[in-house]
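Reviewing the structure listed below.
The values are calculated or read from the model by the stated rules, or taken from the named source; none is laboratory data. Fair warning: this is a prediction, and the values are worked out from it, not measured in the lab. All Cβ positions, even for glycine, are placed from backbone atoms using ideal geometry, and neighbour counts span all protein chains on display.
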Amino acid sequence: MEQSSVAHIVDYPDEPIDLLQQLLDAVKKHHPNSQQYMNLATVDDEFAVLNRTVLYRGISADKCIIYVTQRFTRNYENIKANAKCGVTILMPEVMLTSQETTPSIWQVRLLGATAVELPESELDAWWNRELLSAKIRDIIFPCGQPVDYDELKAKHDQFLKEYQESGKPLQRPPTFTAFKFEAQRYDFLKVGVNQIADRVQYRRQANGTWEAMHVST
Ligand SMILES: Cc1cc2nc3c(=O)[nH]c(=O)nc-3n(C[C@H](O)[C@H](O)[C@H](O)COP(=O)(O)O)c2cc1C
């Protein structure tokens, strides 16, 4: 017989970033080596709206999602021209509590997010967390330009060799930067097989606190 039920988000914390952290921790528990990705949409004067996949980097001290990019990318130019962004994070397999026996899909969506560039004084900390491959790309690769693959690979291999021989850490290039997203709302959606989704939406109040409520799908 066909089944149907209604997903339920229970015992959610007062702050949206704490629920996000609970979800990330639950994913890490079952997939310790996994990385989390986000979808970032910006306003673009040529294509009206432009989205792309980006890596989730972490959370700032003031509880905002961090995003790292290069100052020569289109997304950087877009954000500088219009700081409003759309951000979604998809977690396809999460078991949040020990009572859950089957995984659910979760979507975290930031509504009315404003990207705020981090000050120079905070960038080294995020640079130091980057993987070597990402650092090398940031230093020697152009972005979005036609390239000769063999030339690029030779440049990479030579750079890697010199880096390994030098024993010195790679310096953050001036193009490296990071943003935090200040959101008006966080929308959490949970759904499983044969289920109708439940959503909990956190709405920022004028005094800076969050009001959380169930929202129908
Ligand atoms: C898995 C994955 C992770 C990515 N992470 C980032 C990232 O953290 N920052 C970034 O600027 N681009 C990242 N990219 C590249 C962007 O998707 C995009 O191609 C790049 O930003 C250039 O597009 P844009 O200039 O229109 O933003 C990632 C791509 C993939 C597939």
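Which numbered condition trips up residue 42, out of (1) surrounded by fewer than 14 Cβ atoms within 10 Å (Cβ to Cβ); (2) near the ligand (Cβ under 10 Å from one of its atoms); (3) outside any loop (DSSP other than H, G, I, E, B)?
Failed condition: (1).
If residue 61 satisfies every condition in (1) in contact (Cβ under 8 Å) with a residue 24 or more places away in the chain; (2) surrounded by fewer than 18 Cβ atoms within 10 Å (Cβ to Cβ) but one, which is the exception?
Only one criterion is unmet by residue 61, namely (1).
In contact (Cβ under 8 Å) with a residue 40 or more places away in the chain and within 15 Å of the ligand (Cβ to nearest atom), is that true of residue 12? Steps first, answer last, please.
Numbers: in contact (Cβ under 8 Å) with a residue 40 or more places away in the chain: yes; within 15 Å of the ligand (Cβ to nearest atom): no.
Against the criterion (in contact (Cβ under 8 Å) with a residue 40 or more places away in the chain and within 15 Å of the ligand (Cβ to nearest atom)), residue 12 does not qualify.
Name the pairs whose Cβ atoms lie under 8 Å apart, with the first residue in region 68-95 and touching a residue at least 60 places away in the same chain (Cβ under 8 Å) and of a type outside the set (S, T, N, Q), the second within 14 Å of the ligand (Cβ to nearest atom) and assigned to a helix (DSSP H, G or I), and 6 or more positions between them or separate chains?
68/126; 85/79
Of all residues in region 50-75, how many are in a strand (DSSP E or B), touching a Leu at 6+ places or on another chain (Cβ under 9 Å) and more than 9 Å from the ligand (Cβ to nearest atom)?
Residues in region 50-75 being in a strand (DSSP E or B), touching a Leu at 6+ places or on another chain (Cβ under 9 Å) and more than 9 Å from the ligand (Cβ to nearest atom): 3 in total.
For the subset of region 90-148 comprising residues that are of a type in the set (Asp, Glu) and outside any helix (DSSP H, G or I), which member is farthest from residue 40 (Cα to Cα)?
Quick first cut of region 90-148, residues of a type in the set (Asp, Glu) only: 93, 100, 117, 120, 122, 124, 130, 138, 148.
Filter once more, so that each one left must be outside any helix (DSSP H, G or I): 93, 100, 117, 130, 148.
Values: 93: 21, 100: 30, 117: 15, 130: 19, 148: 29 Å.
Filtering region 90-148 for residues that are of a type in the set (Asp, Glu) and outside any helix (DSSP H, G or I), the one farthest from residue 40 (Cα to Cα) comes out as 100.
Among the residues of region 141-155, how many are closer than 19 Å to residue 72 by Cα and modelled with pLDDT of 90 or more? Full working, then the answer.
Just the residues of region 141-155 that are closer than 19 Å to residue 72 by Cα, to begin with: 141-147, 152.
Among the residues that remain, those that are also modelled with pLDDT of 90 or more are: 152.
The number of residues fulfilling the criteria is 1.
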